[in-house]
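Report on the following structure.
The values are calculated or read from the model by the stated rules, or taken from the named source; none is laboratory data. Just so it is clear, the structure is predicted and the values come from calculations on it, not from any experiment. Here Cβ is always computed from backbone atoms with ideal geometry, including for glycine, and neighbour counts include all displayed protein chains.
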């Protein structure tokens, strides 16, 4: 969880490597459907988080809480319903 929430790309690279390793381990096991489903959900979430970092190099929904100035592109993204991952935004 801490890796997916990091704004550091190196943390996301480590997370990806760990998930590839975990998927490889699961492939050799039987009766682990729940674990496979969990992993698929986590991969989807990481891709969503990473896509935001690829665009903005940070999570725009954190700007207010961290006292950061939002760019026009970030404001537009949030106003148009961009992902906040459950973090409420003041209007």
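At a glance:
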{"read-out": "Condition broken by residue 77, with the remaining ones in (1) surrounded by 14 or more Cβ atoms within 10 Å (Cβ to Cβ); (2) within 14 Å of the chain's Cα centre (by Cα) satisfied", "value": "(2)"}
{"read-out": "Condition met for residue 17 (over 18 Å from residue 85 (Cβ atoms) and surrounded by fewer than 10 Cβ atoms within 10 Å (Cβ to Cβ))", "value": "no"}
{"read-out": "Scope region 54-71; condition without any contact (Cβ under 8 Å) to a residue 40 or more places away in the chain, assigned to a loop (DSSP other than H, G, I, E, B) and surrounded by fewer than 14 Cβ atoms within 10 Å (Cβ to Cβ); matching residues", "value": "67, 68, 69, 71"}
{"read-out": "Single condition residue 86 does not satisfy, out of (1) loosely packed, with under 13 Cβ neighbours inside 10 Å; (2) modelled with pLDDT of 90 or more", "value": "(2)"}
{"read-out": "Hits in region 26-39 - residues which are loosely packed, with under 12 Cβ neighbours inside 10 Å and assigned to a helix (DSSP H, G or I)", "value": "27, 33, 34, 37"}
